[in-house]
1. Out of (1) under 20 Å from Gly34 (Cβ atoms); (2) surrounded by 16 or more Cβ atoms within 10 Å (Cβ to Cβ); (3) touching a residue at least 60 places away in the same chain (Cβ under 8 Å), the odd one out for Pro150 is which?
2. Can you report the number of residues in segment 30-71 which are acidic (Asp, Glu), part of a loop (DSSP other than H, G, I, E, B), free of Cβ contacts under 8 Å to residues at least 60 places away in the same chain and touching a strand residue (DSSP E or B) at 6+ places or on another chain (Cβ under 8 Å)?
3. Only residues that are closer than 12 Å to Leu154 by Cα and either over 16 Å from the mean Cα position of the chain (by Cα) or among the polar types (S, T, N, Q) (or both): list them for segment 38-49, please.
4. Spot the failing condition for Val89; the list is (1) in contact with a strand residue (DSSP E or B) (Cβ under 8 Å, 6 or more places away or on another chain); (2) surrounded by 15 or more Cβ atoms within 10 Å (Cβ to Cβ); (3) under 24 Å from Asp57 (Cβ atoms), and only one is missed.
5. Could you tell me whether any residue of segment 8-20 is at pLDDT below 90 and either outside any loop (DSSP other than H, G, I, E, B) or in contact with a strand residue (DSSP E or B) (Cβ under 8 Å, 6 or more places away or on another chain) (or both)?
Amino acid sequence: MIGSIAELPFVERPAREVLHLLAHRDQPEADYAGFGFCRVAALGLEDEAGGCTVVEDVLVLALHSADDGEPHHDDVDLEFVLDPAEPSVIVRLSAFLARWLPRLPATGPVVLAMCNPHRATLTRPPALAGGPMYYAVGDVESWREADLVPELRLRADSWRVAE
């Protein structure tokens, strides 16, 4: 039983694992609810218009927004599935970042690999010590393409920087 946000098992994992890229898949997997963090040398953030922002030396936080979460104009409800036989843990993104960012190696840019279905406008968390924090508007799809630089990519309707 988790007693606080700080007790969540949010751990560093290899990039391909945390971004759900270990096996080839032709389509996004809507049921994937994994979470964790990784550092990558470069990550491409693609938008619906075909643009791509490359973020270098980035801390990626893979989070799952609650499928039936409350709509908030400036926050997102996160869902942590710790045991499929037990109810999920629901936590607000702002509370999660306040407790976890100081514990993570966030000296440069941070990317939230997280769907933002209600299109919340996020503000820069006070606990963010490093560079900018990028977040998606709408759903996020992860993929990799060995012929592209960088090969790890996230695709969303659009990407914003929290201010």
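1. (1)
2. 2
3. Scanning segment 38-49 gives a single hit, Glu48.
4. Only one criterion in (1) in contact with a strand residue (DSSP E or B) (Cβ under 8 Å, 6 or more places away or on another chain); (2) surrounded by 15 or more Cβ atoms within 10 Å (Cβ to Cβ); (3) under 24 Å from Asp57 (Cβ atoms) is unmet by Val89, namely (3).
5. Yes, some residue in segment 8-20 is at pLDDT below 90 and either outside any loop (DSSP other than H, G, I, E, B) or in contact with a strand residue (DSSP E or B) (Cβ under 8 Å, 6 or more places away or on another chain) (or both).
The values are calculated or read from the model by the stated rules, or taken from the named source; none is laboratory data. All values reported here derive from a predicted model rather than from experimental measurement. A quick note on method: Cβ atoms are made from the backbone with ideal geometry, for glycine too, and the neighbour counts reach across all protein chains shown.
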